[in-house]
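Colleague: The structure under discussion is supplied below as structure tokens; questions concerning it will follow.
What follows draws every value from the coordinates through simple rules; no lab data is involved. Just so we're clear, the structure is a prediction, and the values are computed from it rather than from any experiment. Neighbour counts are summed over all protein chains in view; Cβ atoms, including those assigned to glycine, are modelled from backbone coordinates with ideal geometry.
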Amino acid sequence: MFKFARYMFELKVNWVSFFIVILVFAACEHQPKIKLGDLINKTPVDSTNNGTNCSPDTVYFVNEILPMITSNCAQAGCHDNITQAEDIVLNSYASIRNQVKPGKAIDSELYREIVNGNMPPAGSMTQEQMDKIKKWINQGAKNNFCNSGCDTTLFTYSGSITKIINTNCIACHQSGAVLLNSYASVKALVDNGRFLGAIKHQSGFQPMPTANTFLSDCELKKITKWINSGALNN
């Protein structure tokens, strides 16, 4: 009887010791770094009236914010799928949504980095673009889009083409060997065929905006009509 009791006591002690060891190792284990995005509610925000006619009072993610951030921030060496600078990717709604607090642009890491000139390089984004990002966040950072109806009757350089270039291309081409920051530089690329070849992702040309990102059919139609009409500075 006493031998059995002693056996049970020793068995209990051994199990207690085992659990103590497990707890010690668990406490010493290196904990993964908590990222900003992990602290933010990741539940997608559903938008109402997706695909309806565009409202001038609303900023739409698919139409405006995604191409703007992709062309400015999700490039090679920054926040693309390959580089993932600071473990952050900014090429989709989910990844961008992780860096903002809906309704609170001023508290959103993405907006603060942009307005402080830390991302992209200072001067890359216009004040109008930064204002749109702020407004989109304050409107709830929704994954929304609208149907503009693709009005191809407006395809002038000042009224349409510059907006397309500034939204999708200027971040990479406001300095360096290939410039798109003036009418003269755009016209030179149009004349030698490089501009149209790039945006249509034709073989032998460097694709724009990126290898995996295309301009919309509507944007391509406007640019093509502008070029076929003489690519005027109108």
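Colleague: Placing +1 on the Cβ of each Lys and Arg and -1 on the Cβ of each Asp and Glu in the range 48-138, which of S124, P56, I114 has its Cα farthest towards the positive end of the resulting dipole?
Modeller: So the residue furthest toward the plus end is P56.
Colleague: Hey, another quick one. Just grab the label-to-label distance for S158 and N192, each label 7 Å out from Cα along the Cβ direction, in nm (one decimal).
Modeller: Once both label points are built, they end up 2.8 nm from each other.
Colleague: Take the residue pairs K135/K222; K134/K225; K101/K221; K104/K132; K104/K163 and return only those whose Cα atoms are more than 25 Å apart.
Modeller: Values: K135/K222 27 Å; K134/K225 33 Å; K101/K221 36 Å; K104/K132 14 Å; K104/K163 27 Å.
The pairs that break the limit, which is 25 Å between Cα atoms, are K135/K222; K134/K225; K101/K221; K104/K163.
Colleague: Going by how many other Cβ atoms sit within 10 Å of their own, how do L232, L196, L110 line up, fewest first? List each step's numbers first, then the result.
Modeller: Numbers: L232 12, L196 18, L110 23.
So the ranking, lowest neighbour count to highest, is L232, L196, L110.
Colleague: Now for a separate question. So if each residue of separation counts as 0.36 nm, and I subtract the Cα-Cα distance between S148 and L220, what length gain in nm does that give? The partial results should precede the final answer.
Modeller: Working: separation 72, 0.36 × 72 = 25.92 nm, distance 1.45 nm.
Gain on extension, S148 to L220, equals 24.5 nm.
Colleague: Please label the shape of the range 51-201 as rounded, prolate or oblate, based on the square roots a ≥ b ≥ c of the eigenvalues of the alpha-carbon gyration tensor (a/c under 1.5 means rounded; beyond that, a/b larger than b/c means prolate, else oblate). Show your work: numbers first, answer last.
Modeller: Working: a/c = 1.91, a/b = 1.27, b/c = 1.50.
Oblate.
Colleague: What is the order of L90, L189, fewest Cβ neighbours within 10 Å to most? Before the final figure, lay out the partial values.
Modeller: Working: L90 22, L189 18.
Starting with the residue having the fewest Cβ neighbours, the order is L189, L90.
Colleague: What's the FRET efficiency of N53 with E86 using the Cβ-Cβ distance as r and R₀ = 45 Å, to the nearest 0.05? Intermediate values should be presented prior to the final figure.
Modeller: Working: r = 38 Å, r/R0 = 0.86.
So the FRET efficiency works out to roughly 0.70.
Colleague: Computed from the mean reciprocal separation of all distinct C-alpha pairs, what Kirkwood hydrodynamic radius does the range 132-225 have, in Å? It would help to have the intermediate numbers written out before the result.
Modeller: Numbers: mean 1/r = 0.0687 Å⁻¹.
Mean inverse Cα-Cα distance, inverted, gives 14.6 Å.
Colleague: Which of the three applies to the range 105-176, rounded, prolate or oblate, going by the alpha-carbon gyration tensor with a ≥ b ≥ c and a/c under 1.5 meaning rounded? Write out the running numbers ahead of the final one.
Modeller: Values: a/c = 2.95, a/b = 1.27, b/c = 2.33.
Oblate shape, in that a/c is at least 1.5 and b/c is the bigger or equal ratio.
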